[in-house]
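To keep things clear, I will list the structure first and then write my remarks on it.
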Amino acid sequence: MPSIEVLVLAGVLCEVAERPGPGLAARNQCRWWSAYLARLLSVASAATAAAISQQPSSSPERGPQALRLAS
């Protein structure tokens with residue numbers, strides 16, 4: 001499921017938990033699932049940020065200057 005859909009679902013569950021209609025058990029379940037999905041998103045976001053920061057940067061030997069020197 002795309003992260004934007006998870007974010008929307010977490011928001012809807014959070015909103016349902018705050019409305020006076022569902023019983024206490026249903027509101028507690030909505031709160032629990034909303035918090036769980038929010039945690040999943042934050043973990044996924046942190047993992048993505050770590051993966052991006054771990055990508056090797058281009059080495060100077062492979063840049064445009066190296067091509068000019070080799071010619």
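Things to note:
- Test for A38: is it loosely packed, with under 12 Cβ neighbours inside 10 Å, part of a helix (DSSP H, G or I), out of contact with any Ser or Thr (no Cβ under 8 Å at 6 or more places or on another chain) and of a type outside the set (S, T, Y): no
- Near pairs, Cβ below 8 angstrom, 6+ apart or cross-chain, from the range 6-29 (free of Cβ contacts under 8 Å to residues at least 60 places away in the same chain) to any residue that is surrounded by 13 or more Cβ atoms within 10 Å (Cβ to Cβ) and of a type in the set (F, W, Y): A10/W33; L13/W33
- The listed residue being out of contact with any Asp or Glu (no Cβ under 7 Å at 6 or more places or on another chain), modelled with pLDDT of 75 or more and not in a helix (DSSP H, G or I), out of P20, P56: P20
The values are calculated or read from the model by the stated rules, or taken from the named source; none is laboratory data. These figures come from a predicted structure and were not determined experimentally. All Cβ positions, even for glycine, are placed from backbone atoms using ideal geometry, and neighbour counts span all protein chains on display.
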